[in-house]
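Bear in mind these aren't lab numbers, they're just calculated from the coordinates by the rules spelled out. This structure is a prediction, so every number in the text was calculated from the model and none was measured. Quick reminder, even Gly has a Cβ in these numbers, built from the backbone with ideal geometry, and neighbours come from all protein chains shown.
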């Protein structure tokens, strides 16, 4: 990532204020589209628009794809639908073009499609818009080299040259039959080592790794990692080749998913950035804060119900933060392990029972160690006969075991019902375990007080 000094930004703003187009073009020529997009974040909208209009159509389209959604929307809103079609869409691969069009109003979509001169490209875009954006079909592109299994090597080379003229990158050469069903992948090495082969099908690699159009995006990331791929063919329900997904598309989706999961785990109810407005940030943060307040009120009601116990044994109040904090930490640890396992494919919902028993064992071991350490501490601090000494250790044992099982059960259940398990981590687990832990602590303490101090 290129960093721009305040001095350079002042220098560039001076060029923009003077409307010196020649000097501005000179500065932009040496920059990569991603660096130009980064530069726009340090400029206001008018300054960014001035520089954007100076770019050639191809560079402008590439810069637009590097911008975040909000900045991209600002630039697009200042352009007519015809300019978007001719200056942007015409210079993008179909998957990127679909991403742009999906961000616009339905009325604008139709107008843009009507202004695209390449009927074949417009048709491909319309076909891709039918797929759910969170599936393989929603992020695939149609730009790829395809050859027939019955072609000879000379014919194959000729067709590859023709198709490659319209491509920026060549990842794989896919082999199909007469019905356009995917049969294999043609390694370019074979073109050198077998120049006189009669038919491509004799040297192609059969049964390539592929995905169907309805495959969820999160599964794609695992496949790319597992098979060490840079691109993957996409087929329809009967095996016909319909597109290709490249590793950069998968990485973009994986990054967005990780950001969403992190925000859910942090207690943010929506997508929020550091430069969002005060209202947007408040709207994203407030829901879980209000839920936290309700949790706090619930705890206060629980403590109020056991007020008499505090009057008899005030030392009980000293360990409330310990009980609540330990339960929350244990629950977050357990849920984080499960969410991570579900995300990287190392854990399957089908093995949920096994995982629950495993986490129960871990919880029992941790509970024994933690409760024993606190018991030893309280013997010296409060004395071995104190009700609080026994109550705190027993409560910690029960809370740790419960939090371990609960932190495992919740994300597995959410995954089973197709709800993002990342929701289970962070505030939800903390608040729930805090309330349950307090009920356990107060119940055990009251029971011991009644048993050991009958007159209390």
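Please work out the C-alpha center-to-center distance from segment 341-363 to segment 174-229 and express it in whole Å.
35
How large is the Kirkwood hydrodynamic radius of the chain, in angstrom, based on all distinct alpha carbon pairs?
Values: mean 1/r = 0.0370 Å⁻¹.
With all distinct Cα pairs of the chain included, I get 27.1 Å.
With no solvent and one point on each alpha carbon, what is the Debye value of log10 I(q)/I(0) for segment 391-455 at q = 0.13, 0.19, 0.20, 0.21 Å⁻¹?
Debye output, listed in q order: -0.45, -0.73, -0.77, -0.82.
Take the Cα gyration tensor of segment 145-246, multiply each eigenvalue by 5, square-root it, and list the three semi-axes largest first, rounded to whole angstrom.
On the way: eigenvalues 116, 40, 33 Å².
One finds semi-axes of 24, 14, 13 Å for segment 145-246.
Any chance you could tell me what percent of the C-alpha pair distances in segment 278-452 go past 27 Å? Don't skip to the end; give the middle numbers.
Values: 5193 of 15225 pairs.
Of all Cα-Cα pairs in segment 278-452, 34 percent lie more than 27 Å apart.
Order of 288-294, 91-97, 429-435 by packing, highest average Cβ count within 10 Å first? List each step's numbers first, then the result.
Working: 288-294: 13.3, 91-97: 21.1, 429-435: 23.3.
Packing proxy ranking, top to bottom: 429-435, 91-97, 288-294.
Percent antiparallel among DSSP beta bridges with both residues in the chain, to the nearest 5? It would help to have the intermediate numbers written out before the result.
On the way: 13 of 19 bridges.
The answer is about 70 percent antiparallel.
In Å and on Cα atoms, what radius of gyration and Dmax does segment 6-138 show?
Just the Cα atoms of segment 6-138 yield Rg and Dmax of 15.9, 48 Å.
May I ask for the distance between the Cα centers of segment 1-70 and segment 366-385, given as a whole number of Å?
With segment 1-70 and segment 366-385 each reduced to a Cα centre, they are spaced 63 Å.
Based on DSSP H runs of at least 4 residues, each adding -39500 (n - 2.57), what is the mean residue ellipticity at 222 nm of the chain after dividing by all its residues, to the nearest 500 deg cm²/dmol?
Numbers: 20 runs with 284 residues, N = 456.
Helices in the chain give a 222 nm mean residue ellipticity of -20000 deg cm²/dmol.
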